[in-house]
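Participant: Okay, handing you the structure first.
The values are calculated or read from the model by the stated rules, or taken from the named source; none is laboratory data. Here the structure is a predicted model, which is why all the values come from computation and not from measurement. Cβ coordinates were reconstructed from backbone atoms using ideal geometry, including for glycine residues, and neighbour counts include every protein chain displayed. To get the accessible areas, we keep the full protein, side chains included, count just its heavy atoms, and leave off ligands, DNA and RNA. Shrake-Rupley method; radii C 1.70, N 1.55, O 1.52, S 1.80 Å.
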Amino acid sequence: MNTTIEQAIAAWLASVSAFASIANHAGQSVEEIPNDYPVIYVVCNNTESPAHSLYSATVQVIISTPEIIEGNLAVHESLVAALRSTLREADAMAPFFPDSSRCVGASINKWDDSQDSGRWTTAADMTLGIVDKLAV
């Protein structure tokens, strides 16, 4: 289920015009991550099932931009503002989930900003409610 969640959120973000030209990675990827471009990562860290057919998923959406290119702090700030705006409308991600599951809610738990290894990074920690329609 983790991969399904990651791919659905990544596809939703890729459909948003603010992120159309950004490399977008879901979970573990064999693709090389560019060092000199912004990138978005979607990672589903954990999925729990508190009840039959109901899942709670812990997800991180991470934006990372290189710090050494002039003007990239402004680019990073712009991407983070777009992400904050997009995640406020998280119900829009529901159509990107496969027919076998349904996203029934999302809550942003925490935002975290950091700078390390020559990159600015902002992470949104979220909890999603997922219904497995095949188990109903």
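Participant: Report, in degrees rounded to the nearest 10, the 0 to 90 angle that the Cα long axis of helix 72-87 makes with the longest principal axis of the chain.
Facilitator: 20 degrees
Participant: Additional query: Where only protein heavy atoms count, and the probe is 1.4 Å, what is the accessible area per residue for the chain in Å²?
Facilitator: Numbers: 7430 Å² over 136 residues.
That works out to 55 Å² per residue.
Participant: Hey, another quick one. Angle, helix 2-14 long axis vs. longest principal axis of the chain, Cα atoms, 0 to 90°, nearest 10?
Facilitator: Value to nearest ten degrees: 50.
Participant: Using bins 5 angstrom wide from zero, how does P(r) for the chain break down, in % of all Cα pairs?
Facilitator: 2, 10, 20, 24, 18, 12, 7, 4, 2, 1, 0
Participant: Would you list D112, D99 from the most to the least accessible area, probe 1.4 Å? Kindly include the intermediate steps, with their values, before the conclusion.
Facilitator: Values: D112 75, D99 135 Å².
In descending accessible area the options line up as D99, D112.
Participant: For S117 and R102, compute 0.36 nm times the residue count separating them, minus their Cα-Cα distance, and round to one decimal in nm.
Facilitator: Extending this stretch completely gives an extra 1.7 nm.
Participant: Can you give the accessible area of L73, probe radius 1.4 Å, in Å² rounded to 10?
Facilitator: Estimated to the nearest 10 Å², L73 gives 80 Å².
Participant: Over the Cα atoms of the range 35-100, what is the Rg over Rh ratio if Rh follows Kirkwood?
Facilitator: That ratio equals 1.10.
Participant: A further question follows. Between beta-carbons, use under 12 Å as the cut-off and find the net charge around L134, counting Lys and Arg +1, Asp and Glu -1. Present the calculation step by step, with values, prior to reporting the outcome.
Facilitator: Details: positive: R102, K133; negative: D99, D132.
My count for the surroundings of L134 gives 0.
Participant: Okay, moving on. Measuring from the lowest to the highest alpha carbon on each principal axis, how far does the range 3-66 reach, largest first, in angstroms?
Facilitator: That works out to 44, 22, 17 Å along the principal axes.
Participant: Go ahead and estimate [θ] at 222 nm for the chain from helices alone: -39,500 (n - 2.57) per DSSP H run with n ≥ 4, summed, over the residue count, rounded to 500.
Facilitator: -7000 deg cm²/dmol
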